[in-house]
Every structure is written in C-alpha cells, then in structure tokens.
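Below is one structure, written out as structure tokens, with a few remarks after it.
The values are calculated or read from the model by the stated rules, or taken from the named source; none is laboratory data. Being a predicted model, the structure only gives us computed values, none of them experimental. Cβ placement follows ideal geometry from the backbone for every residue including glycine, while neighbour counts extend to all protein chains displayed. Please note that ligands, DNA and RNA were not included when accessible areas were found on the heavy atoms of the full protein model with its side chains. Shrake-Rupley method; radii C 1.70, N 1.55, O 1.52, S 1.80 Å.
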Amino acid sequence: MRNIVVLDAPSNLGLRPPAPGTVPGCYKLAGALREQRIVQRLRALEGGVVVPPRYDRGDWQEGDGVFNAAAVAAYTVKLADRVERHVRAGDFPVVLGGDCSIQLGASLALRRIGRYGLAAVDASPDFRHPGNSDRIGAAGGEEVALATGRGQDDLTDLEGLRPYLRDEDVRYFGIRDAFEEERAELAALKIPVVTVGDIREWGADALARATAQAFETPEIDGFWVHLDADCLDPSVMPAVDSPDPDGLQPAELVALLRPLLASPACAGLNVTIYDPDLDPEGTAGALLTDIVVDAFAQS
C-alpha cells in the first residue's frame, strides 16, 4: 500500500485579481484544509510546502499573453521536482493548491517519467488557448490547453517536453452541460467529456471505473486526478472564483473520486480553487476536506 503524502502548493499565480489591488485567496486552501486535520484524517505523511513566487502582474495588459508567465514557469519546474520525487518513490501525492495552474507541475513531473493521463474533475475545461480565445491571460483557466501544447512556448515546452499530456490521454468529468461550445471543440479533438448530466444518467461509480480501467493499459504508465472545487454546486461550494450553477452534489463527487483514487494506475491528486476568503465560517472548507477524506475510504 502506497503512502499518502500531503504536499502544499499554495500558488495563486494563475488567477485574475478578484478586485483591483487584491490577490486571489485560493493560496490559503492548503492551510484551511490542514486546519480541518486533513493530514491526520488521511493518515498521511508530511510533504511540506513548495513556496510560490510573489503574485505580481507588473504592467501586464490584455493581449500580452499569460500574466505571471515567468513565475508560473519557474514554479511549475519547482513543483514538478517535488512531485516527481514522490511518484518515483512509490508515494501517492495529494497536492493542496492553489489555483489550477499547479496542474502543470504534476503534468511536467509525470511527463519526465513516462506517458500519463489526466482525469480532470472540473466545472469547465480550462482549455482556453490562442486558437479559441482572444482573452488569454490566466493560466488557471488555460492549464489543460497549455499541458497539451497549446499556447506560448515558455509554458508549453518546459525542458523540451511538449506536450506534457496527449489529447487522447485527457478525460473530463463534471463539466457543466451548458458549456456546449467548449464541449464541441473537445469532441472534435476526441477528448472525452462527461458532463454533470452524464454522471446522473450513467452513474458516477460506473463511469469512474470505466475510466480507471481505460488507463490501466500497457501503453500508459498511469494517470493523475485533478479536482477543482468548482465542480460542486454553489449551494454547497460557493467559495470559488466562478460558482457556476448545476454542479455536482458531495455524494456524487465522492462516488466519482473513489474508483479513480483506488486505481493502481492513479499517481496522485490535486485539490484546487477553494478560496477561504469567500468562506468566513469555514463550512465549505470543512465539506471539501470531508469529501477528499471520504474519497480515500474504500467501501
């Protein structure tokens, strides 16, 4: 049985400021989940913190590409070093973000090791790139596009390893049914998308088991799970930067995560986007912690 290692990646470099002169509060996610005793409840080992660079967009303007790009690139390499070390040691890293740009660290780490897939549990595809948008800037909404080689070279081709993920090795879960345009592009690329409606029609457990089995093949070395808290419905998880309606309920998310995390091919997990600044009572953070802990409790 692999050791779970909890590692903090408190980066907010990939999000736009919530208001002028402020910074996104998702960098407090790890601290909030630790306050809920996530390390002890997972019976995990301590992985420490990968400290991010300062959030500073300088004189960036729309049209300049990804803001904080140099900082995101440097942090991606730094985080990848830590994730790679744990995966090679046979550990199971649980990386507490941070915004979704931390996924680049996991993707780069696994690309160094071999061919790995991604199961992204997210309300939106985070697939914005120069080919489909003129509003490039926030890496936290673009990380899957970047990881599959779409975007500026200083983020997509670190260490000459572009792409970190192949299109055919990406799977999405929890995308809102309303995101028809984004789903059409992914369908054209043959990237499977399971919407909230699909999960309710076919069953979270069955879909997750099928996906895990698809990754358990000789051609692929494994897969990583990326959990964005905004996959949950705002009625239970309002503390995110984009609380889109018609999301998953906690029991649905646990049922989805359990087979994925239990797979011997699963290499690790990211938890992202929850913003304690938007959760003054801490109830959403407590729920998110419960979900992660329950997802590791195999029935």
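Name every residue in the stretch 251-293 that is in contact with an Asp or Glu (Cβ under 6 Å, 6 or more places away or on another chain) and assigned to a loop (DSSP other than H, G, I, E, B), in order of residue number.
265, 273
Go through (1) polar (S, T, N, Q); (2) open to solvent by 50 Å² or more (accessible area, probe 1.4 Å); (3) in contact with a Gly (Cβ under 6 Å, 6 or more places away or on another chain) one by one and return the number of the condition residue 132 breaks.
Unmet condition: (3).
Being surrounded by fewer than 22 Cβ atoms within 10 Å (Cβ to Cβ), at pLDDT 95 or above and among the acidic types (Asp, Glu) is the filter here, so list the residues in the stretch 242-278 that pass it.
Selection gives 246, 252, 277.
Looking at the stretch 276-299 only, could you name the residues that are among the β-branched types (Val, Ile, Thr), closer than 15 Å to residue 236 by Cα and under 18 Å from the mean Cα position of the chain (by Cα)?
Step one: filter the stretch 276-299 for residues among the β-branched types (Val, Ile, Thr), giving 283, 289, 291-293.
Next, from what is left, pick out any that are closer than 15 Å to residue 236 by Cα: 283, 289, 291-292.
Once the filter is applied, which keeps residues that are among the β-branched types (Val, Ile, Thr), closer than 15 Å to residue 236 by Cα and under 18 Å from the mean Cα position of the chain (by Cα), the stretch 276-299 yields 289, 291, 292.
Taking the stretch 207-248 on its own, how many of its residues are among the β-branched types (Val, Ile, Thr) and either in a loop (DSSP other than H, G, I, E, B) or more than 18 Å from residue 103 (Cβ to Cβ) (or both)?
Of the residues in that region, 4 qualify.
The rows are residues; the columns are (1) of a type in the set (Ser, Thr, Tyr); (2) under 22 Å from residue 139 (Cβ atoms); (3) surrounded by fewer than 19 Cβ atoms within 10 Å (Cβ to Cβ).
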{"position": "29", "(1), (2), (3)": "no, yes, no"}
{"position": "37", "(1), (2), (3)": "no, no, yes"}
{"position": "40", "(1), (2), (3)": "no, no, yes"}
{"position": "47", "(1), (2), (3)": "no, no, no"}
{"position": "55", "(1), (2), (3)": "yes, yes, yes"}
{"position": "59", "(1), (2), (3)": "no, yes, yes"}
{"position": "63", "(1), (2), (3)": "no, yes, yes"}
{"position": "67", "(1), (2), (3)": "no, yes, no"}
{"position": "71", "(1), (2), (3)": "no, yes, no"}
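In this structure, is residue 76 part of a loop (DSSP other than H, G, I, E, B) and among the hydroxyl-bearing types (Ser, Thr, Tyr)? Even if it seems obvious, please write down each step before you answer.
Numbers: part of a loop (DSSP other than H, G, I, E, B): no; among the hydroxyl-bearing types (Ser, Thr, Tyr): yes.
No, not satisfied.
When the residues of the stretch 51-81 are filtered to those that are touching a helix residue (DSSP H, G or I) at 6+ places or on another chain (Cβ under 8 Å) and among the charged types (D, E, K, R), which remaining residue is farthest from residue 267 (Cα to Cα)?
56
For the stretch 279-297, enumerate the residues that are surrounded by fewer than 20 Cβ atoms within 10 Å (Cβ to Cβ) and over 18 Å from residue 227 (Cα atoms).
Answer for the stretch 279-297, where residues must be surrounded by fewer than 20 Cβ atoms within 10 Å (Cβ to Cβ) and over 18 Å from residue 227 (Cα atoms): 280, 281, 282, 283.
Go through the stretch 222-245 and report how many residues are farther than 22 Å from residue 142 by Cα and in contact (Cβ under 8 Å) with a residue 60 or more places away in the chain.
Result for the stretch 222-245: 1.
Taking residue 146, is it part of a helix (DSSP H, G or I), buried (at least 17 other Cβ atoms within 10 Å of the Cβ) and out of contact with any helix residue (DSSP H, G or I) (no Cβ under 7 Å at 6 or more places or on another chain)?
Values: part of a helix (DSSP H, G or I): yes; buried (at least 17 other Cβ atoms within 10 Å of the Cβ): yes; out of contact with any helix residue (DSSP H, G or I) (no Cβ under 7 Å at 6 or more places or on another chain): no.
Judged against the criteria, residue 146 is not a match.
Scan 70, 32, 109 and give me the residue that is in a helix (DSSP H, G or I), small (Gly, Ala, Ser) and in contact with a Gly (Cβ under 8 Å, 6 or more places away or on another chain).
Values: 70 fails: in contact with a Gly (Cβ under 8 Å, 6 or more places away or on another chain); 109 fails: in contact with a Gly (Cβ under 8 Å, 6 or more places away or on another chain).
Result: 32 is the single residue among 70, 32, 109 that is in a helix (DSSP H, G or I), small (Gly, Ala, Ser) and in contact with a Gly (Cβ under 8 Å, 6 or more places away or on another chain).
Can you give me the number of residues within the stretch 74-86 that are surrounded by fewer than 23 Cβ atoms within 10 Å (Cβ to Cβ) and among the hydrophobic types (A, V, I, L, M, F, W, C)?
2
Residue by residue through the stretch 13-29, note down the ones that are in a loop (DSSP other than H, G, I, E, B), within 19 Å of residue 270 (Cβ to Cβ) and out of contact with any helix residue (DSSP H, G or I) (no Cβ under 7 Å at 6 or more places or on another chain). Spell out how you get there, then give the answer.
The initial filter retains those residues of the stretch 13-29 that are in a loop (DSSP other than H, G, I, E, B), namely 13-24.
Then drop every residue that is not within 19 Å of residue 270 (Cβ to Cβ), which leaves 13-15, 24.
The answer is 24, and nothing else.
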